Amino acid sequence: MESIMAREIRETMLAGRTIEARAMLIGASDTISVEERSGLAQELLRLQTEIERLLASAEALEKEGRIDEAKAACLAARQLSSDFPGIDEEIKRLDESQQLARAVQHRNQRTREAGPEKTVAAAWSQRIRPLAPALAAAVGVLLLGFLLLRGNGPTVPQQPAPTPAVQETVASGQPTPPPAAAKPAGETPPPAAPATPAAEGQSPPSASAPANAGATKPASVLYTVRPGDSLSIIATRELCRQPAWKEIYERNRDLLADPTKLQPGMQLRLDGIENSCGQAR
């Protein structure tokens, strides 16, 4: 009959913990019989041999590129002994290799579907991508230099907007008259010729006679008072109407405070007063 310790070692071995079962077997050498120890040792050796075979097969399959089969062999070895050293690390490494192989396969498939043009574009993109920072810096330097040159360049004077008169002349097709010559600074214009006063005792020349002989003759603009003149005499002599003295007085109220007090040399305005001298003739 199998002892309790031998049964515990066997259960541990069947649970996939072969390393733990081997340690229990070594520690229980005094509590189990020689036959039980020999039988358990043989079973542990058989499991270890099978595990090592599966791991060697997984390594060979991986070298051939058969990652899926290599991973299956490692999983079978772990099922026999979950605490065997290195099995979990090997399975993890095979998982990473499997994912990498699938990614490469997927990329190759997309490359075949994309055709040669997209393949060349992708190759150029991969070559240019490391140079992107240097290209961006060069473009920035060129742009900065352009802005500096533009800011220091000669300024083009702006033409003044044409005046409405010039616009009208251009629209009508007539030549534009040359601009007047600018006067030198400090040069003063020549004084205007003084108006020649009417000779004393003479009235300024009257306006030209109208076309019709019977038309009313307009009065002279100014009349210089002579000694002995009165408003009545002036109205009779210059306007041929003695009653017009009232109109002369009203026309020159700003000069005449009293219509009877005339000063020789005083100039009276006669414009706007009816002149009847033409009718008298």
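The values are calculated or read from the model by the stated rules, or taken from the named source; none is laboratory data. The structure presented is a predicted model; accordingly, all values stated were derived computationally and were not measured. Counting neighbours? That spans all protein chains shown, and the Cβs are built from the backbone with ideal geometry, glycine included.
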If I ask for residues that are in contact (Cβ under 8 Å) with a residue 12 or more places away in the chain and loosely packed, with under 13 Cβ neighbours inside 10 Å, which ones from the stretch 16-40 would you list? THR31, SER33
In the stretch 1-16, which residues are in a loop (DSSP other than H, G, I, E, B) and farther than 12 Å from LEU40 by Cβ? MET1, ALA15, GLY16
Could you check how many residues of the stretch 76-117 are within 30 Å of THR18 (Cβ to Cβ), of a type in the set (Gly, Ala, Ser) and assigned to a helix (DSSP H, G or I)? 3
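Does the stretch 251-258 include one or more residues that are acidic (Asp, Glu), surrounded by 16 or more Cβ atoms within 10 Å (Cβ to Cβ) and at pLDDT 90 or above? Full working, then the answer.
Looking only at the stretch 251-258, we keep the residues that are acidic (Asp, Glu), and these are 254, 258.
Filter once more, keeping what is surrounded by 16 or more Cβ atoms within 10 Å (Cβ to Cβ): none.
No, every residue in the stretch 251-258 fails to be acidic (Asp, Glu), surrounded by 16 or more Cβ atoms within 10 Å (Cβ to Cβ) and at pLDDT 90 or above.
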If you check ILE128 against the conditions, is it more than 30 Å from ARG46 (Cα to Cα) and either of a type outside the set (Ser, Thr, Tyr) or at pLDDT 80 or above (or both)? yes
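Quick test for you: out of ILE51, ILE19, ILE26, pick the one residue that is over 22 Å from GLU89 (Cα atoms) and either part of a loop (DSSP other than H, G, I, E, B) or in the same structural domain as ILE87 (by TED's automatic domain parsing) (or both).
Working: ILE51 fails: over 22 Å from GLU89 (Cα atoms); ILE19 fails: over 22 Å from GLU89 (Cα atoms).
Result: ILE26 is the single residue among ILE51, ILE19, ILE26 that is over 22 Å from GLU89 (Cα atoms) and either part of a loop (DSSP other than H, G, I, E, B) or in the same structural domain as ILE87 (by TED's automatic domain parsing) (or both).
Would you be able to tell me the number of residues in the stretch 55-75 that are surrounded by fewer than 19 Cβ atoms within 10 Å (Cβ to Cβ) and in a helix (DSSP H, G or I)?
Taking the stretch 55-75 and keeping what is surrounded by fewer than 19 Cβ atoms within 10 Å (Cβ to Cβ), we get 56-57, 59-60, 63-66, 68-69, 72, 75.
From the residues that got through so far, the ones that are in a helix (DSSP H, G or I) too are 56-57, 59-60, 63, 68-69, 72, 75.
Count: 9.
Yes or no: ASP30 within 23 Å of ALA15 (Cβ to Cβ) and modelled with pLDDT under 90?
Judged against the criteria, ASP30 is not a match.
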Candidate set from the stretch 79-114 (those that are touching a residue at least 40 places away in the same chain (Cβ under 8 Å) and within 13 Å of LEU55 (Cβ to Cβ)); member that is surrounded by the fewest Cβ atoms within 10 Å (Cβ to Cβ): PRO85
